[in-house]
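See structure below.
The values are calculated or read from the model by the stated rules, or taken from the named source; none is laboratory data. For clarity, every value in this text was computed on a predicted model and none was experimentally measured. A quick note on method: Cβ atoms are made from the backbone with ideal geometry, for glycine too, and the neighbour counts reach across all protein chains shown. The area values use the complete protein model at the heavy-atom level, side chains included, leaving out ligands, DNA and RNA. Shrake-Rupley method; radii C 1.70, N 1.55, O 1.52, S 1.80 Å.
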Amino acid sequence: DAITKAKKAAGEKAAALVQPGMLVGLGTGSTAYWAIEKIGQMVKEGLNIQAVATSIASEKQALALGIPITSFSEIQQLDLDIDGADEISEEGQLIKGGGGSLLREKIVALASRHRVIVGDERKYVKTLGKFPLPIEVVPFGWELVFKTLQALQGHPTLRTKDDQPYITDNSNYIIDCSFGVIREPEQLHQQLKTLTGVVETGLFLNLKPTVIIAYENGDVKTI
Ligand code: DER
């Protein structure tokens, strides 16, 4: 369908930015999926790179494609991180975490010299906040963080999977919050990060990513 074609087009355009010898961050989700597939094809054709994946799922996909996987015990900086997002503002501010991988995604994004964010047109918004903000929290005492988020008008919901709390790759929980339009994302992020028990938020700010948006009509724009 048109959305899948758009995701594929955006992912493959991002993959084309990968150069021989690069250390690459592999994102998570249904758009980054296509970038990883394309990179796998390029590796089969002789491209020499090493990659760090942002989730167990992306690592499995990369290994199956023969993409050489490295880790932060071997390297401390990546050249290019390719990832998706749930919302991309016109200033390049992001909400991520819909796929549950925000912690490793942010670690990899911050360890990369450059970031490319890929998305279909639905992701490109004027202001952040329509998509509920994912917050990764430690399981112990999550109920206390939940109450504080209620008090902050976050309208929190604990993310579940098969009627159990969703467990991240890092053995944590995720609380999704709807704060409404987020006009001061830095302020909100700092406020949330100071809550004991909060590990990370899905606000990816001031990363100055290259943004690739694919439209259902077939256009692909690099912003
Ligand atoms: O969790 C994330 O941030 C992922 O990048 C994901 O939410 C992106 O969404 P997608 O599956 O539509 O690419």
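Residues to consider are 88, 67, 135, 75; find the one that is outside any helix (DSSP H, G or I) and either among the acidic types (Asp, Glu) or farther than 20 Å from residue 35 by Cβ (or both). I'd like the intermediate steps shown before the answer.
Details: 88 fails: either among the acidic types (Asp, Glu) or farther than 20 Å from residue 35 by Cβ (or both); 67 fails: either among the acidic types (Asp, Glu) or farther than 20 Å from residue 35 by Cβ (or both); 75 fails: either among the acidic types (Asp, Glu) or farther than 20 Å from residue 35 by Cβ (or both).
Answer to the check: 135.
Table: residues versus (1) part of a loop (DSSP other than H, G, I, E, B); (2) touching a Ser or Thr at 6+ places or on another chain (Cβ under 7 Å).
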| position | (1), (2) |
| --- | --- |
| 140 | yes, no |
| 149 | no, no |
| 155 | yes, yes |
| 179 | yes, no |
| 186 | no, no |
| 195 | yes, yes |
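Take segment 62-86 and flag every residue that is touching a Gly at 6+ places or on another chain (Cβ under 9 Å), surrounded by fewer than 23 Cβ atoms within 10 Å (Cβ to Cβ) and over 14 Å from residue 25 (Cβ atoms). Steps first, answer last, please.
Narrowing segment 62-86 to residues touching a Gly at 6+ places or on another chain (Cβ under 9 Å): 62, 64-67, 78-86.
Pick out the ones that are also surrounded by fewer than 23 Cβ atoms within 10 Å (Cβ to Cβ) and you get 62, 64-66, 79-80.
Of everything in segment 62-86, those that are touching a Gly at 6+ places or on another chain (Cβ under 9 Å), surrounded by fewer than 23 Cβ atoms within 10 Å (Cβ to Cβ) and over 14 Å from residue 25 (Cβ atoms) turn out to be 64, 65, 66.
Give me the pairs, please: first residue somewhere in segment 19-47 and touching a residue at least 60 places away in the same chain (Cβ under 8 Å), second residue anywhere and aromatic (Phe, Trp, Tyr), beta-carbon distance under 7 Å, and either six or more positions apart or on two chains.
Filtered contacts from segment 19-47: no entries.
Does any residue in segment 94-115 that is on the phi > 0 side of the Ramachandran plot come within less than 7 Å, Cβ to Cβ, of a residue that is of a type in the set (Phe, Trp, Tyr) and more than 10 Å from the ligand (Cβ to nearest atom) six or more places away or on a different chain, and which pairs are these?
100/166
Somewhere in segment 115-130, is a residue over 17 Å from residue 26 (Cα atoms) and hydrophobic (A, V, I, L, M, F, W, C)? Spell out the reasoning first.
Initial filter on segment 115-130 (over 17 Å from residue 26 (Cα atoms)): 120-130.
Narrowing further to those that are hydrophobic (A, V, I, L, M, F, W, C): 125, 128.
Yes, that holds for at least one residue.
Is segment 112-128 home to any residue that is assigned to a loop (DSSP other than H, G, I, E, B) and touching a Ser or Thr at 6+ places or on another chain (Cβ under 9 Å)? Step through it out loud before you land on a result.
In the first step, residues of segment 112-128 are kept if they are assigned to a loop (DSSP other than H, G, I, E, B); the result is 126-127.
Right, trim to touching a Ser or Thr at 6+ places or on another chain (Cβ under 9 Å) and you get 126-127.
Yes; the residues of segment 112-128 include at least one that is assigned to a loop (DSSP other than H, G, I, E, B) and touching a Ser or Thr at 6+ places or on another chain (Cβ under 9 Å).
Could you list all residues from segment 90-102 that are open to solvent by 10 Å² or more (accessible area, probe 1.4 Å), near the ligand (Cβ under 10 Å from one of its atoms) and either farther than 26 Å from residue 158 by Cα or not polar (S, T, N, Q) (or both)?
Within segment 90-102, 98, 99 meet the criteria.
Please go through segment 5-18 and pick out each residue that is over 14 Å from residue 62 (Cα atoms) and touching a residue at least 24 places away in the same chain (Cβ under 8 Å).
Going residue by residue through segment 5-18, those that are over 14 Å from residue 62 (Cα atoms) are 5-14, 16-18.
Listed by number, the residues that qualify are 5, 6, 7, 8, 9, 10, 11, 12, 13, 14, 17, 18.
Could you look through segment 1-30, keep only residues that are part of a loop (DSSP other than H, G, I, E, B) and small (Gly, Ala, Ser), and pick out the one that is farthest from residue 99 (Cα to Cα)?
Narrowing segment 1-30 to residues part of a loop (DSSP other than H, G, I, E, B): 1, 16-22, 27-30.
Restricting the remaining residues to those that are small (Gly, Ala, Ser) gives 16, 21, 27, 29-30.
Values: 16: 24, 21: 29, 27: 10, 29: 6, 30: 9 Å.
Among those residues, the one meeting the criterion is 21.
Residue under question is residue 87, and the condition is that it be within 16 Å of the ligand (Cβ to nearest atom), of a type in the set (Asp, Glu), touching a strand residue (DSSP E or B) at 6+ places or on another chain (Cβ under 8 Å) and over 30 Å from residue 126 (Cβ atoms); does it hold? Before the answer, list the steps.
Details: within 16 Å of the ligand (Cβ to nearest atom): yes; of a type in the set (Asp, Glu): yes; touching a strand residue (DSSP E or B) at 6+ places or on another chain (Cβ under 8 Å): yes; over 30 Å from residue 126 (Cβ atoms): no.
So residue 87 fails the test.
Return only the number of the condition from (1) assigned to a helix (DSSP H, G or I); (2) surrounded by 15 or more Cβ atoms within 10 Å (Cβ to Cβ) that residue 169 does not satisfy.
(1)
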